[in-house]
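A.B. asks: There's a structure below that I have some questions on.
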Amino acid sequence: MASDEEEVYTEDEMNEALFFIREHELPMSELRYALKYVRILHGSRSQENQVVEDPVTQIPEVEPPLFNWEDKENQPVVRQL
């Protein structure tokens, strides 16, 4: 999922992510994931960062058509295994 918008992190989040990288001896290339981890760990700081679920479209239930058992074409067939 690529996003065109750039995430903005606070200085505290950046410092904590850098501390996390040093503490776990991770490469700096993992900084983005460390920042996301810090944000998830402490919760998002604003409403913009919260995930909004798409509303589920309700599909109305429909009854199947009545089945005519008297019709010879619609008689059940015995299956042989």
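A.B. asks: How far is it, in nm, from the label point at Leu66 to the one at Met14 when both lie 7 Å from their Cα along the line to the Cβ?
C.D. replies: So the two model labels end up 7.4 nm from each other.
A.B. asks: Using per-residue counts of other Cβ atoms within 10 Å, averaged over each peptide, order 9-15, 19-25, 34-40 from highest down.
C.D. replies: Put in order of decreasing packing, that is 34-40, 9-15, 19-25.
Throughout, read-outs are computed from the coordinates displayed, never taken from laboratory work. Please read these numbers as outputs of a predicted model, since none were measured by experiment. Methodologically, a virtual Cβ is constructed for each residue, glycine included, from the backbone with ideal geometry; neighbour enumeration extends over all protein chains shown.
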